[in-house]
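Below is one structure; the comments refer to it alone.
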Amino acid sequence: MKDYDKISLDDFMDYVSDRDPDQPEFSQAVHEVMEWVIPYVRENKDYHITGLLERLVEPEQVITFRVPWQDDKGHVHVNRGYRVQFNSCLGPFKGGLRFHPSVNLSILKFLGFEQVFKNSLTGLTLGGAKGGSDFNPKGKSDDEIMRFCQSFMSELHHYIGADTDIPAGDIGVGGKEIGYLYGQYKRLTGSFSGILTGKGLSYGGSLVRTQSTGYGTMYFADYMLKALDDSAEGKTVAISGSGNVAQYTCEKAIQMGAKVVTLSDSDGFIYDKDGIDEEKLAFVIDLKNERQGRIKEYAEKYDVPFNEGRPWSVACDIAAPCATQNELDDKDAKELAKNGTRIVVEGANMPCTDKAVRVFKEKGVAYAPGKASNAGGVAVSGLEMAQNSQRQSWSFEDVDKRLKEIMKSIHGICEKYGGEDNGAINYTKGANIGGFIRVAEAMKAQGVV
Ligand code: NDP
């Protein structure tokens, strides 16, 4: 790729796919960004910096390592560990760790790449990274999870640090796993420093971090509705997933006076037409976080329907996919549009397929990509790092207020770069161009590195 005057999306995507033909999720994520960035770069000579885009799609470092661990019966298992350190031009690498059997390099590169733009949008000094393992925590005892985390950190600790790379949680990595990872880091290095975020409150964690991705997602949904002279109050919300992001998207929706009617897991979804209230949500949080239960048990306890599949056939004003990538396709998108959905706000990373996003555009459903709408998690991780550096703890209200301001600012960036002549906001365009500009300016200033 040489001449950015004539660069085309197809040529650039051929370049990306030829280099890594076995990484479909990564190609999909690059396509989503470059669809907007390439036309912008073509028109803006400021960004005709040789090799800028090629450097953007190549991680700075990819570390893979063996993670051997012993189960309770003494059998040895070997998983694969990864850290994809994608881009540090805006600050130390920052991004979660995912423990799930589907984890591979393609998925972690897609997540790391997304993270670069998401972190840029927060306005904080954070680079982008992602990591994890194909380890499946489901059905494992606490001791097994602890031994796995200790083995994982025994290798990872060589590559992270409070000023270099600060991992956090993601699918399969919650407060418990972060605790075990942190303990092992401290034991190996003797250093009590902010090398992970999502820590427990007793050892350097931040208030609101647990809630931040879900709360931020609903704050963003409310700003989207405000841009349409409306609000989240009184709206019906369909949420997928029942993990961390789904739980706190649900909690904030309830607090905003909306009615949440679905939650799901990989077995299927519950439909509660009366709405999930605080008490029912407390049941879900206990079920999922303490008892490793299945969402089906909600249907049995509250006598509501449980269906296999995904919740997108349910009529709702707001759809919030909060489970995993590619969980909402074009068929689902048509169904949502037909049933009158006004906005789709991604709590998960890349849950909507490219085709689904095109349907939303055609049908006039406002759609926010996760890099904008779920950035609240990493934003509060950034605030946790700031508190750790100062050896201070801020109040819940203070952190929540900052979170809300950051979500408002991201909405403003989307409006600035994605505002259309008819007054609508193209959030995909706005988030990708807005995220790109800050990264490109920093890469330009720092030279070819
Ligand atoms: P959790 O592990 O807490 O929960 C994941 C949820 O998604 C579970 O309900 C799980 O169901 C469901 N799920 C996972 N895989 C699948 C699948 N293949 N099909 C259907 N359902 C599935 O993870 P989080 O809530 O932390 O993360 C959810 C999403 O949000 C991810 O995309 C993550 O990258 C993104 N995200 C998370 C952030 C955070 O701060 N935690 C920050 C920003 C984005 P089951 O129990 O059956 O596996």
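The figures follow:
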{"read-out": "Loop-located trypsin sites (Lys or Arg not before Pro) in segment 281-324 whose Cβ has at most 11 other Cβ within 10 Å (DSSP)", "value": "291"}
{"read-out": "Mean separation of Cα contacts under 8 Å (6+ apart) over length of segment 61-193, as relative contact order %", "value": "28"}
{"read-out": "Solvent-accessible area per residue for segment 61-193 (1.4 angstrom probe, square angstrom)", "value": "36"}
{"read-out": "Selected from 270, 315, 224, residue furthest toward positive end of dipole (segment 212-373; charges at beta carbon)", "value": "224"}
{"read-out": "Between segment 390-446 and segment 36-100, the Cα center-to-center distance that results, in Å", "value": "21"}
{"read-out": "Estimated FRET transfer efficiency when R0 is 25 angstrom, pair residue 307-residue 282 (beta carbons, to 0.05)", "value": "0.60"}
{"read-out": "Sequence-separation-based contact order of the chain, relative, with Cα cut under 8 Å and 6+ spacing, percent", "value": "15"}
{"read-out": "Within the accessible area of the chain (1.4 Å probe), percent carbon and sulfur", "value": "46"}
{"read-out": "For segment 301-353: accessible area per residue (Å², 1.4 Å)", "value": "39"}
{"read-out": "Rg to Rh quotient for segment 214-287, alpha carbon positions, Kirkwood Rh", "value": "0.97"}
{"read-out": "Debye, to nearest 20: dipole size of segment 61-193, +1 on Lys, Arg Cβ, -1 on Asp, Glu Cβ", "value": "140"}
{"read-out": "Sparse-neighbourhood loop sites, trypsin sites (Lys or Arg not before Pro) in segment 1-94 - DSSP loop, at most 16 other Cβ within 10 angstrom", "value": "2, 6, 73"}
{"read-out": "DSSP beta bridges in the chain [antiparallel fraction, %, rounded to 5]", "value": "55"}
{"read-out": "Sparsely packed trypsin sites (Lys or Arg not before Pro) within segment 332-404, loop by DSSP, other Cβ within 10 Å at most 16", "value": "391"}
{"read-out": "Distance from segment 279-346 to segment 364-385 (C-alpha centre basis), Å", "value": "20"}
{"read-out": "Sum of -39500 (n - 2.57) over DSSP H runs of 4+, divided by residues of the chain (222 nm, nearest 500)", "value": "-15000 deg cm²/dmol"}
{"read-out": "Rule-of-thumb Rg ratio for the chain [Cα; 2.2 N^0.38 Å; N residues]", "value": "0.94"}
{"read-out": "Cα Rg, Dmax (largest Cα-Cα span) when computed across segment 212-373, Å", "value": "14.1, 43"}
{"read-out": "Axial C-alpha extent at least 20 Å, average Kyte-Doolittle at least 0.5 - helices from the chain (DSSP)", "value": "105-122"}
{"read-out": "Rel. contact order, % - alpha carbon contacts under 8 angstrom, at least six apart, segment 212-373", "value": "22"}
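The values are calculated or read from the model by the stated rules, or taken from the named source; none is laboratory data. Given the structure is predicted, the values throughout are model-derived calculations rather than measurements. Counting neighbours? That spans all protein chains shown, and the Cβs are built from the backbone with ideal geometry, glycine included. Only protein heavy atoms, including side chains, enter the accessible area calculation; ligands, DNA and RNA are left aside. Shrake-Rupley method; radii C 1.70, N 1.55, O 1.52, S 1.80 Å.
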